[in-house]
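Step one of this worksheet: look at the structure below.
Derivation of every value follows stated rules applied to the coordinates shown; laboratory data play no part. Note that the structure is a prediction, hence the values are computed from the model and not measured. Quick reminder, even Gly has a Cβ in these numbers, built from the backbone with ideal geometry, and neighbours come from all protein chains shown.
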Amino acid sequence: MEKKILALLEQREGKIKKSSFETLALAEHLAVSLEMTVDAAVIGDKIENTSDVFSFCNCNLVHFTHADLQLYSSSAYKKIVVEYAAKQGYEIILLSNTSLGKDLAPRIAIGLNAGLVSDCTALDLNGKEIIVTRPVYAGKALQQVKLSSEVKIYSLRPNVFKAVLLEKKAEEKISTVAVENPDLTNRVKKIIRSEGKLDVAEADIIVSGGRGVKGPEHFTLIEELAQQLGAAVGASRAVVDAGWRPHEEQVGQTGKTVSPSLYIACGISGAIQHLAGMSSSKYIVAINKDKDAPIFTVADYGIAGDLFEILPVLTEEIKKLKS
Amino acid sequence: MKIAVCVSHVPDTATRIKIAGDQKSIDPAGVSFVLNPYDEIAVEEALKTKEKFGGEVVVVSIGGDQVKETIRKSLAMGVDEGVHLKTDEALDSFAVAQALADEIKSSGCELVFMGKQSVDYDNGTVGQLTAELLGYNSIAVCVTFQLEGTTVTAEREIEGGKEVVETSLPCIITAQKGLNEPRYASLKGIMTAKKKVIQEKLLGAKPVRVENLLLKMPIAKNPGRILGSDSSAVAELVKLLHEEAKVI
């Protein structure tokens, strides 16, 4: 039988997410290297950008539709994927390790009696064998593993794998399957949005503040810089524990592990649990009074000075650059 | 109602880690181990639920004798009894989930709390794996939890917001920071915990699906440049970010 890969895509508000394009590009790469074919699947009601799928991967796209499936339902999504994948006999299933992917992957692993490696940051081939690298201890160490199961599921850390475009867009092959009576025993009733806020887990640039910001009222300095950069606001554990900032902004071992293109740490000394969560960022800038602070050991560029003096000037310079 | 809470024994997040001689695990020498921070939140939620609805809370942990310390800490916070599933083998998430599912099934607990992930291997899968093995409902990464009759409502954190999820018992809830503020063990709690029973059960061999090949340290970054000590360095910083790093 022909060996097949399933790329499981994710839509939010009717749009396939950027991280799903990263999944597709990796599926394309593996398919070429391992002489396999790719199917992609997405679950949701109406989806506007299905055509973009074929810019990243030569595949057949199956769109499972039902009006109640626009929002995530772990029970319904699991049932659809398990039944479809069992019938198609996929050997490899790829998905993004987003909040939805994290939730769904273990469920389908049990349903398909498959092995699962979550939060992969590299998939390397050793002959026909896939060797996976994933960060452990929030990035203080890296683990290499392989799956011994027949069906293998890999969930990929967003923002790590490149969404490489095909040289030439592939032919659009889309089929639609109307889902009957989805299993909604576990369902999302509604989504509460954090208005106008970019999430650190998804942001390309993060401006983070720590104890050095000296109080919640001074975070406007961080917010203004973030706004100029189109960045998310992050925070150290110390300021979250002090109640200055909400926990969803926390970067570090008991917060979020992030790998943006640019991470600007302001008034953050760089406790080991914080460094673990952000040191895989592509570029790191540190602004801190103490020139011996550990944050400077991971920073590409640093200013060892007073953030209250530096940040307004930096915000102004960025504004000039953008205009 | 009988409530289970599953906890793991992990290196403190403030600890530096070193790779052991086998190149597959960490060297435990000099590392202080604690109750996994997310599991501590799960223990608190289990206790709050018991205080509201009555019943008892049992804590379950898997590992060598050292995990008794973490079980004891949960008992000191107010958990009623402990179960230690004893093994010296390194288990993968599937084997851990299978062992927890077997234990939860035999104990008949219909509500289970655990942390959203343990801060050692960071898989974040055991809650959902266990639930699926048991045929229980589950909601992961919860920042609120409500029980009314057999209806469970929880808010779970997603990118840029929260999903309000509804399901019913039997159910596994995995805890995210923000769900509650875990209590400190009182002196009385610590004294009482010494008298509470920890049941020890030997865990048989479990099949694993994930083969651990190697553990290594990430490549250390070269220290960067300190451009200055005041705002006069800002212009150069912006130039470097724009022209050299090309990130703005």
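Taking the Cα centre of the range A:205-322 as origin and assigning +1 to Lys and Arg Cβ atoms and -1 to Asp and Glu Cβ atoms, the resulting dipole is close to 200 debye. Counting only other chain Cβ atoms within 10 Å of each residue's Cβ, the peptide A:108-118 averages 5. Inter-chain Cβ neighbour count for B:115-125, averaged per residue, equals 6 (cutoff 10 Å, partner chain atoms only). Normalised by the number of residues in the range A:205-322, the average gap of Cα pairs under 8 Å and 6 or more apart makes the relative contact order 25 percent.
With helices as the sole contributors, chain A gives -8000 deg cm²/dmol at 222 nm; each DSSP H run of n ≥ 4 counts as -39500 (n - 2.57), and the sum is divided by every residue.
For the peptide B:182-191, the mean number of other protein chain Cβ atoms found within 10 angstrom of a residue's Cβ is 0.
Between B:V164 and B:K48, what FRET efficiency comes out of the Förster formula 1/(1 + (r/R0)^6) with R0 = 22 Å and r the beta carbon distance, rounded to 0.05? Before the final figure, lay out each step's value.
Values: r = 20 Å, r/R0 = 0.89.
Efficiency for this residue pair is about 0.65.
Multiplying the residue separation of A:V164 and A:S194 by 0.36 nm and subtracting their alpha-carbon distance yields 7.7 nm. Shape call for the range A:158-197 from the C-alpha gyration tensor, a ≥ b ≥ c root eigenvalues: rounded (a/c under 1.5), prolate (a/b greater than b/c) or oblate? It comes out oblate by the Cα gyration axes.
Placing +1 on the Cβ of each Lys and Arg and -1 on the Cβ of each Asp and Glu in chain B, which of B:L240, B:N137, B:A4 has its Cα farthest towards the positive end of the resulting dipole? Of B:L240, B:N137, B:A4, it is B:A4.
One Cα centroid belongs to the range A:1-49, the other to the range A:122-181; the line between them spans 10 Å. Between A:A122 and B:E89, the modelled labels are 3.0 nm apart [label points 7 Å from Cα along Cα→Cβ].
Relative contact order for chain B: 23 percent, from Cα pairs under 8 Å spaced at least 6 residues apart, divided by residue count.
Were the residues from B:E148 through B:K24 laid out at 0.36 nm apart, the gain over their Cα-Cα distance would be 40.1 nm.
Its Cα centre serving as origin, the protein assembly as shown has a Cβ charge dipole (Lys and Arg +1, Asp and Glu -1) of approximately 620 debye. Working from label points 7 Å from Cα in the Cα-to-Cβ sense, the B:E244 to A:D204 distance is 2.2 nm. In terms of other Cβ atoms within 10 Å, A:L24, B:L134 run from fewest to most in the order B:L134, A:L24. Residues A:E172, A:E28 in ascending order of nearby Cβ atoms (within 10 Å, fewest first): A:E172, A:E28. Reducing the range A:283-323 and the range A:59-86 to their Cα centroids gives an inter-centroid distance of 46 Å. Per-residue Cβ neighbour counts within 10 Å put A:L311, A:L94, A:L34 in the sequence A:L34, A:L311, A:L94, beginning with the fewest.
A Stokes-Einstein calculation at 10 °C with viscosity 1.306 mPa s, built on the Kirkwood radius of the range A:4-178 over Cα pairs, returns a diffusion coefficient of 99 µm²/s. Can you bin chain A into rounded, prolate or oblate? Criterion: square roots of the alpha carbon gyration tensor eigenvalues sorted a ≥ b ≥ c, rounded for a/c under 1.5, prolate for a/b above b/c, oblate for the rest. Here chain A falls in the prolate category. Full extension of the chain between A:K291 and A:N181 yields a length gain of 33.4 nm, computed as 0.36 nm times the residue separation minus the alpha carbon distance. Loop-located trypsin sites (Lys or Arg not before Pro) across the range B:210-247 with a Cβ neighbour count of 15 or fewer within 10 Å are B:K221, B:K246, with loop assigned by DSSP.
Using a cutoff of 8 angstrom between alpha carbon atoms and counting only pairs six or more residues apart, the relative contact order for the range B:1-121 works out to 39 percent. For chain B, the square roots of the Cα gyration tensor eigenvalues, ordered a ≥ b ≥ c, give a/c of at least 1.5 with a/b greater than b/c, which places it in the prolate category. Give the residue from B:G64, B:Q98, B:S74 lying farthest towards the positive end of the charge dipole for the range B:56-107; charges sit on Cβ (+1 for Lys and Arg, -1 for Asp and Glu) and the dipole is referred to the Cα centre. Towards the positive end, the residue furthest out is B:S74. Pairs exceeding a 28 Å alpha-carbon distance, out of B:K24/B:K48; A:K87/B:K86; B:K50/B:K201; A:K282/A:K320: B:K24/B:K48; A:K87/B:K86. For the range A:14-94, applying the loop criterion from DSSP together with a ceiling of 13 other beta carbons within 10 Å to the trypsin sites (Lys or Arg not before Pro) yields A:K46. The distance between label points at B:K194 and B:E69 comes to 1.8 nm (points 7 Å beyond Cα on the Cα→Cβ vector). Using the Cβ-Cβ distance between A:E129 and A:S261 with R0 = 25 Å, the FRET efficiency computed as 1/(1 + (r/R0)^6) comes to roughly 0.20.
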